[in-house]
Amino acid sequence: MNQKHPYDDIPGTYVFDAEQSRKGYHLNMFCMSLRHRDNRDAFGADEAAYLDRYPMSPEQRAAVLARDWNGMLRLGGNIYYTSKLAAKDGITFQELAARMTGVSDEDYRNMMLAGGRPIEGNRYTWEWDNG
Amino acid sequence: MAEIIAGVACSHVPAIGVAIDQGKTDEPYWQPLFQGFERSREWMSELKPDVAIVVYNDHATAFSLEMIPTFALGCADAFQPADEGWGPRPVPLVQGHPELAWHIAQSVILDEFDLTIVNRMEVDHGLTVPLSLMCGQPDAWPCPVIPLCVNVVQYPPPTGNRCFNLGKAIRRAVQSFDRDLRVVIFGTGGMSHQLQAQRAGLINPVFDNQFMDELVSNPESVTRIPHVDYLREAGSEGIELVMWLVMRGALDAEVRQVHRHYHVPASNTAVGHLILENIR
């Protein structure tokens with residue numbers, strides 16, 4: 001297998017490197033705008049119209065509207081930016097994490113209380129592929 | 001002559017700030033975490049430093065993708081706590097120390113660390129949560145603060161070795177300031193945590209505790225940890241730990257560990273904390 005970056009074999013992780021940052025610039029700057037209340041209100045009033053202000057790809061736009069949190073990351077979103085969209089929706093960081101990992105809020109919270117996701121079995125993509 | 005007398009390492013999880021601000025620190029979920037900082041607040045009030053340099057990262061608050069300084073030093077008179085999307089934290093205005101900050105900027109630039117000088121900057125939970133943990137909820141922070149903001153959001157952050165050497169340059173800068181000031185330096189962020197995608201929730205206490213052991217007694221070995229090891233072993237956001245090395249580089253080679261605390265979880269994160277003093 002040809003690996004472009006030393007971190008490409010880390011499972012379930014999008015490293016926000018140059019390629020991701022270039023791809024996700026407008027998506028992230030849209031999320032950044034939600035730091036301000038008037039923008040949150042304008043976005044809430046008409047999401048599609050508000051998104052017209054940002055020249056995102058159709059895929060990025062669809063991911064935002066569908067709240068496809070992992071999709072946004074794959075398309076260049078960064079978690080510190082996409083979490084502002086989550087905050088606008090009233091979703092805490094921990095609830096957001098639960099959604100990205102595909103478990104219920106309660107299951108995720110219990111996993112964290114039990115010490116979190118263990119490192120064993122979660123270092124390399126091949127450990128997931130075989131599971 | 002000014003001198004750096006002590007260092008503090010401390011996570012800066014936003015949920016900790018929320019728990020403090022909403023009076024939840026005695027709740028069963030939070031109590032074990034905050035108990036570990038009782039000693040720290042006593043230590044801080046006894047130490048009475050004249051200035052605190054706080055090494056932290058901005059989380060898409062003051063800086064966005066428009067501008068990404070690797071190292072940015074706050075030289076302003078004051079720094080406003082930011083509204084990060086749910087209203088600003090109810091914490092005091094952060095007073096700066098422009099005289100020392102500008103001196104550090106000039107000194108480290110001539111020492112070949114080309115950092116960015118910032119005269120206007122809001123500060124987010126990355127800076128205010130450690131202040132709250134170490135100082136409680138005062139009407140005013142006990143001393144002026146010099147924010148040193150490190151990019152750890154856009155990959156790649158500076159290397160651990162670069163951070164360590166910047167810490168040494170800051171130490172030289174402080175020592176060449178001709179006023180008697182006792183300075184404490186904070187390295188914040190970490191420990192292991194991953195906030196994003198399918199591997200979110202990763203915690204690695206073995207890595208974290210080894211990191212703390214080595215940071216205290218053998219920091220040179222920590223400076224050699226490559227970025228991919230942080231990403232893999234400590235989670236994609238665990239790479240914030242490079243900021244602890246700025247603090248460690250600013251201290252003596254041999255230090256006394258005054259206090260250590262480790263707790264899992266705070267929201268999605270492993271919380272680590274060290275208080276280190278120069279032996280003199």
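Numbers for the structure displayed
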{"read-out": "Subset of the stretch B:245-278 that is within 14 Å of chain A (Cβ to nearest Cβ) and of a type in the set (A, V, I, L, M, F, W, C) - its residue that is nearest to B:V216 (Cα to Cα)", "value": "B:V271"}
{"read-out": "For A:V15: the one exception among (1) under 30 Å from B:E233 (Cβ atoms); (2) in a helix (DSSP H, G or I)", "value": "(2)"}
{"read-out": "One residue from A:P11, A:P55, A:P6 being outside the structural domain of A:P118 (by TED's automatic domain parsing) and without any contact (Cβ under 8 Å) to a residue 24 or more places away in the chain", "value": "A:P6"}
{"read-out": "Residue, surrounded by the most Cβ atoms within 10 Å (Cβ to Cβ), within the stretch B:199-211, restricted to residues that are among the hydrophobic types (A, V, I, L, M, F, W, C) and within 11 Å of another protein chain (Cβ to nearest Cβ)", "value": "B:A200"}
{"read-out": "For B:R41: the one exception among (1) surrounded by fewer than 19 Cβ atoms within 10 Å (Cβ to Cβ); (2) within 17 Å of B:C149 (Cβ to Cβ)", "value": "(2)"}
{"read-out": "Residues of the stretch B:177-210 classified as in contact (Cβ under 8 Å) with a residue 40 or more places away in the chain and either of a type outside the set (D, E, K, R) or in a helix (DSSP H, G or I) (or both), total", "value": "23"}
{"read-out": "Residues located in the stretch B:111-134, provided they are farther than 22 Å from B:M67 by Cβ and buried (at least 20 other Cβ atoms within 10 Å of the Cβ)", "value": "B:V129, B:P130, B:L131, B:S132, B:L133, B:M134"}
{"read-out": "Residue match in the stretch A:94-111 (condition: facing chain B (nearest Cβ under 7 Å), assigned to a helix (DSSP H, G or I) and in contact with a Cys (Cβ under 8 Å, 6 or more places away or on another chain))", "value": "no"}
{"read-out": "2 or more residues under 18 Å from B:P144 (Cα atoms): qualifying helices (runs of 4 or more DSSP H) within the stretch B:1-113", "value": "B:38-47, B:98-110"}
{"read-out": "Failed criterion for A:A87 (all others in (1) assigned to a helix (DSSP H, G or I); (2) more than 8 Å from chain B (Cβ to nearest Cβ) hold)", "value": "(2)"}
{"read-out": "B:P92 being in contact with a Phe, Trp or Tyr (Cβ under 7 Å, 6 or more places away or on another chain) and surrounded by fewer than 19 Cβ atoms within 10 Å (Cβ to Cβ)", "value": "yes"}
{"read-out": "Qualifying residue in the stretch A:60-74 (condition: within 11 Å of chain B (Cβ to nearest Cβ) and assigned to a loop (DSSP other than H, G, I, E, B))", "value": "no"}
{"read-out": "The stretch B:18-59, residues that are of a type in the set (G, A, S) and farther than 15 Å from B:F186 by Cβ", "value": "B:A19, B:G23, B:G36, B:S45"}
{"read-out": "Some residue of the stretch A:27-47 being over 27 Å from B:V152 (Cβ atoms), modelled with pLDDT of 95 or more and surrounded by 14 or more Cβ atoms within 10 Å (Cβ to Cβ)", "value": "yes"}
{"read-out": "Candidates A:T101, A:T82, filtered to the one that is more than 23 Å from B:W86 (Cα to Cα), hydroxyl-bearing (S, T, Y) and under 11 Å from the mean Cα position of the chain (by Cα)", "value": "A:T101"}
{"read-out": "Residue count for the stretch B:212-235, restricted to those that are in contact with a helix residue (DSSP H, G or I) (Cβ under 8 Å, 6 or more places away or on another chain), within 14 Å of chain A (Cβ to nearest Cβ) and crowded, with 24+ Cβ neighbours inside 10 Å", "value": "2"}
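The values are calculated or read from the model by the stated rules, or taken from the named source; none is laboratory data. Being a predicted model, the structure only gives us computed values, none of them experimental. For neighbour counting, all protein chains shown are included, and Cβ atoms are generated from backbone atoms with ideal geometry for every residue, glycine included.
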